[in-house]
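The values are calculated or read from the model by the stated rules, or taken from the named source; none is laboratory data. All figures in this text were calculated on a predicted structure; none of them were measured in a lab. For neighbour counting, all protein chains shown are included, and Cβ atoms are generated from backbone atoms with ideal geometry for every residue, glycine included.
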Amino acid sequence: MADTTDVKDVKDTKTDEKLLTQSQVDAIVQDRLAREKAKYSDYEDLRKFRSEHEKQLEAATQKELEAKKEYEKLKDGWQKKEQEFQGLIVKKDSEITDMRIGSALMSEVVKQNAYAEETMALIKSQAVFDKEGNIRIKGRDANGLEVMDSVEEGIKKFLTLRPHLVKATKKEGGGTTAATATGGAVGGDDLDSLNKDYMDAQNRGDRKKMNELKTKISGVLAAQRTRL
């Protein structure tokens, strides 16, 4: 019969060797935790760095936004001032242009013995500058095509179509020449009176009277040209 006592003792001894105390287990766990923690020892520094970096970015972004707002504000102010300046330039250019055209037209209207105020009011809108900077009067030729006449020629054509705008021509001895459509005398119907009557008829919209007076005015002007 075999001796079983020795075999049992050996098994118990091996089992006891494999069992660990609680303190040993805790030590093993702490050791492993320490090793794992060591792997991420710089994590806290990285987290702090990230936090500081984010704050810096936020501050930089805020400054950039503030700078952009200030820039936009300055830009808007500058653009507004530029628009005002351009508006003043355009206004001044327009005033100078108006003065140049007005002066040239008025000189020729007076030269051609026309009623200045009425003639200027009607013809000024037809005055323009050509490419060379000369003042021209826009008009139409016999075929209806647009032409650009000189101030002298343009006003002459304009008044030919509107004889009521031409003043009466004074005689050397005094008085005013007057004639009917056929060239005869018409008594008190001098050119000034005819022009006044024409303007009154025009204001009333009386086209029949306007045509009658226009015929008389043309006759007076024809008679004057005959006497010259």
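Looking at (1) touching a strand residue (DSSP E or B) at 6+ places or on another chain (Cβ under 7 Å); (2) surrounded by 12 or more Cβ atoms within 10 Å (Cβ to Cβ), which one does HIS164 not meet, given that it meets all the others?
Only one criterion in (1) touching a strand residue (DSSP E or B) at 6+ places or on another chain (Cβ under 7 Å); (2) surrounded by 12 or more Cβ atoms within 10 Å (Cβ to Cβ) is unmet by HIS164, namely (1).
Hey, among ASP9, ASP3, ASP26, ASP76, which residue is at pLDDT 80 or above and at negative phi?
Just one listed residue meets the conditions, ASP76.
So in segment 204-228, with the set limited to residues that are in a loop (DSSP other than H, G, I, E, B) and modelled with pLDDT of 75 or more, which one is surrounded by the fewest Cβ atoms within 10 Å (Cβ to Cβ)?
The qualifying residue surrounded by the fewest Cβ atoms within 10 Å (Cβ to Cβ) is GLY205.
Six or more apart or on different chains, Cβ under 8 Å: which pairs go from a residue in segment 132-154 that's free of Cβ contacts under 8 Å to residues at least 40 places away in the same chain and farther than 15 Å from GLN112 by Cβ to one that's loosely packed, with under 14 Cβ neighbours inside 10 Å and of a type in the set (Phe, Trp, Tyr)? Could you list them?
What qualifies is ILE135/PHE129; ARG136/PHE129.
Residues in segment 62-97 that are aliphatic (A, V, I, L, M) and either closer than 30 Å to VAL128 by Cβ or in the same structural domain as VAL128 (by TED's automatic domain parsing) (or both): how many?
The number of residues fulfilling the criteria is 4.
I need the full set of residues from segment 100-119 which are among the β-branched types (Val, Ile, Thr) and surrounded by 16 or more Cβ atoms within 10 Å (Cβ to Cβ), in order please.
ILE101, VAL109, THR119
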